[in-house]
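Undergrad: Take this structure first; my questions come after.
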Amino acid sequence: METLPNCPMCQSAYTYEDRGLFVCPECGHEWQESDVETGLDVRDANGNPLTDGDSVTVIKDLKVKGASGAIKQGTKVKNIRLVEGDHNIDCKVDGFGPMKLKSEFVKKL
Ligand SMILES: [Zn+2]
C-alpha cells in the first residue's frame with residue numbers, strides 16, 4: 001500500500017491519486033506532488049519521494065553510536081519527519097529512541 005499525503009488544504013486523509021495528481025474528495029482540492037511544501041527533496045533507496053508522516057523500513061543493518069546493537073534490516077519506522085542535512089530523516093525507532101537516519105537506507109512502505 002502506498003501512503004498518500006493528507007490534503008494540504010483541509011488535512012483530509014482520504015486523498016487519492018489520479019493521473020499524476022492528488023485529489024481530495026472532501027474539499028475538491030487537486031495538487032501535484034511537487035506542490036507539497038516541505039522545501040526538502042528527500043528520497044528513499046528507490047528514489048521515491050518521502051514526506052513527513054511516512055512509514056519506512058530500514059533496508060540494511062545500521063550501526064548506532066552508543067547502542068549495543070544495530071537497527072536491523074526490515075525494522076519499521078513510523079511517522080518520519082524530514083529534516084535538512086546528511087541524516088535527513090528524524091524519527092523514533094522502537095528500542096532505540098529518537099534518532100536520525102539517512103534516506104538512502106530506507107524504503108517507503
Ligand atoms: Zn481537502
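The values are calculated or read from the model by the stated rules, or taken from the named source; none is laboratory data. In this text the structure is predicted, and so the values were computed from the model without any measurement. Every residue, glycine among them, receives a Cβ derived from its backbone with ideal geometry; neighbour counts consider all protein chains shown. Calculation scope for accessible area: heavy atoms of the full protein, side chains included, ligands and nucleic acids excluded. Shrake-Rupley method; radii C 1.70, N 1.55, O 1.52, S 1.80 Å.
Undergrad: Spot the failing condition for residue 7; the list is (1) open to solvent by 40 Å² or more (accessible area, probe 1.4 Å); (2) within 16 Å of the ligand (Cβ to nearest atom), and only one is missed.
TA: (1)
Undergrad: Please verify whether region 33-40 includes one or more residues that are outside any loop (DSSP other than H, G, I, E, B), among the polar types (S, T, N, Q) and farther than 18 Å from residue 105 by Cβ.
TA: yes
Undergrad: Starting from residues that are open to solvent by 30 Å² or more (accessible area, probe 1.4 Å) and not in a loop (DSSP other than H, G, I, E, B), keep the ones in region 71-81 and report whichever is modelled with the highest pLDDT.
TA: Among residues in region 71-81 that are open to solvent by 30 Å² or more (accessible area, probe 1.4 Å) and not in a loop (DSSP other than H, G, I, E, B), the one modelled with the highest pLDDT is 76.
Undergrad: Consider residue 84 carefully, then state whether it is free of Cβ contacts under 8 Å to residues at least 60 places away in the same chain and among the acidic types (Asp, Glu).
TA: Against the criterion (free of Cβ contacts under 8 Å to residues at least 60 places away in the same chain and among the acidic types (Asp, Glu)), residue 84 qualifies.
Undergrad: For region 14-23, which residues satisfy the criterion of being more than 16 Å from residue 50 (Cα to Cα) and either open to solvent by 70 Å² or more (accessible area, probe 1.4 Å) or within 8 Å of the ligand (Cβ to nearest atom) (or both)?
TA: Correct list: 14, 15, 16, 19.
Undergrad: Determine whether region 74-89 contains at least one residue that is within 16 Å of residue 103 (Cα to Cα) and within 16 Å of the ligand (Cβ to nearest atom).
TA: Within region 74-89, none of the residues are within 16 Å of residue 103 (Cα to Cα) and within 16 Å of the ligand (Cβ to nearest atom).
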